[in-house]
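Student: Quick one: the structure is below, questions incoming.
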Amino acid sequence: MASTDTQHTSTTTPAKADDLAGLEAGLDALDTVQSHRTPVREILLKKVLPPLTAIVLVIAVWQVLVWAKVTDEGSLPAPTAVLTSIHDLWLAGTLLDVVWTSVSRGLLGFLLALAIGTPLGLLVARVTFVRAAIGPILSGLQSLPSVAWVPPAVIWLGLNNSMMYAVILLGAVPSIANGLVSGVDQVPPLFLRAGRTLGATGLRGTWHIVMPAALPGYLAGLKQGWAFSWRSLMAAEIIASSPDLGLGLGQLLENGRNNSDMPGVFLAILLILTVGIAIDLLIFSPLERAVLRTRGLLVKN
């Protein structure tokens, strides 16, 4: 009987060893981040071609509606009329100036909101009393339309760039702070305990433990904060007009409305949309991919 048990053990042990080796190899494969770069041709086919195709289809449908005379040209201009408006602005040398006026304001306002919203979000997330006092206010401010801040900002600060930045801050800071609070709430308690065990407490623990772990939620808050910054700026430029403020995209849109210039209105809308998409593709999407790649959540990109 003993010899039989010994023989059975000797025959099953290698099989178990092979199973364990296969399991370890599988776990190692899961832990390994596949960071190879996607070929340029594949990027063009999967990421560039689809949006370009969608744009072509939208323009084609737009042109068909114009040809079908669904409405008069004063309400729905032809795509060629909008292209003519772009050409006229380019020849006048004002196209880039108009875009840069709004983009520079939006980016500077967003950076100011980032500098204020980040410490505010950490304070709300980490201090119970502050969270109970300010948390509901931040949520309420985030749901408040940005255009509501324009009249009081004009009264308080006048028609100047300070008013523009105030409106941007009031629109973007709550989104950034709430995004960081949400990210901190999703940090596993085990990370915090491990950090305290290793001596990472206070500001050191915030910098080395809390912020890296809360980064996905924080980035989501930053994207939403930029969206609120851009929308707040457009609302301020549309409502508050003054020669001292210069000509931005919002004012370009309002000028088109005042002059019943529908090609100019469509041009302003397209430029506002293009800037918003470009900022997301050039800044936030690469940051998001980088974070996902470092965490092993992005396999092919």
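Read the figures in this text as sums done on the coordinates, not as results from a lab. All values reported here derive from a predicted model rather than from experimental measurement. Because the Cβ atoms are built from the backbone with ideal geometry, glycine has one as well, and the counts that use them run over all protein chains shown.
Student: In what order do Glu73, Glu288 fall by count of nearby beta-carbon atoms within 10 Å, going from fewest to most?
Tutor: Glu73, Glu288
Student: Tell me, what ³J(HN,Hα) does each residue in segment 138-149 have, in order and in whole Hz, if you take phi through Karplus 6.51 cos²θ - 1.76 cosθ + 1.60 with θ = phi - 60° and put x for Gly and Pro?
Tutor: Per residue, the Karplus-derived 3J(HN,Hα) values read 4, 5, x, 5, 5, 8, 7, x, 4, 5, 5, 7 Hz.
Student: Treat the count of other C-beta atoms within 10 Å as a stand-in for reagent exposure and order Ser139, Ser102, Ser260, Ser229 from fewest to most. Don't skip to the answer; put the middle values down first.
Tutor: Values: Ser139 13, Ser102 24, Ser260 9, Ser229 31.
Arranged by neighbour count, lowest to highest, Ser139, Ser102, Ser260, Ser229 become Ser260, Ser139, Ser102, Ser229.
Student: Let me ask something additional. Please label the shape of segment 74-294 as rounded, prolate or oblate, based on the square roots a ≥ b ≥ c of the eigenvalues of the alpha-carbon gyration tensor (a/c under 1.5 means rounded; beyond that, a/b larger than b/c means prolate, else oblate).
Tutor: Judged from the Cα gyration tensor, segment 74-294 comes out prolate (a/c at least 1.5, a/b above b/c).
Student: Can you give me the Cα centroid spacing of segment 72-87 and segment 229-256 in angstrom?
Tutor: 21
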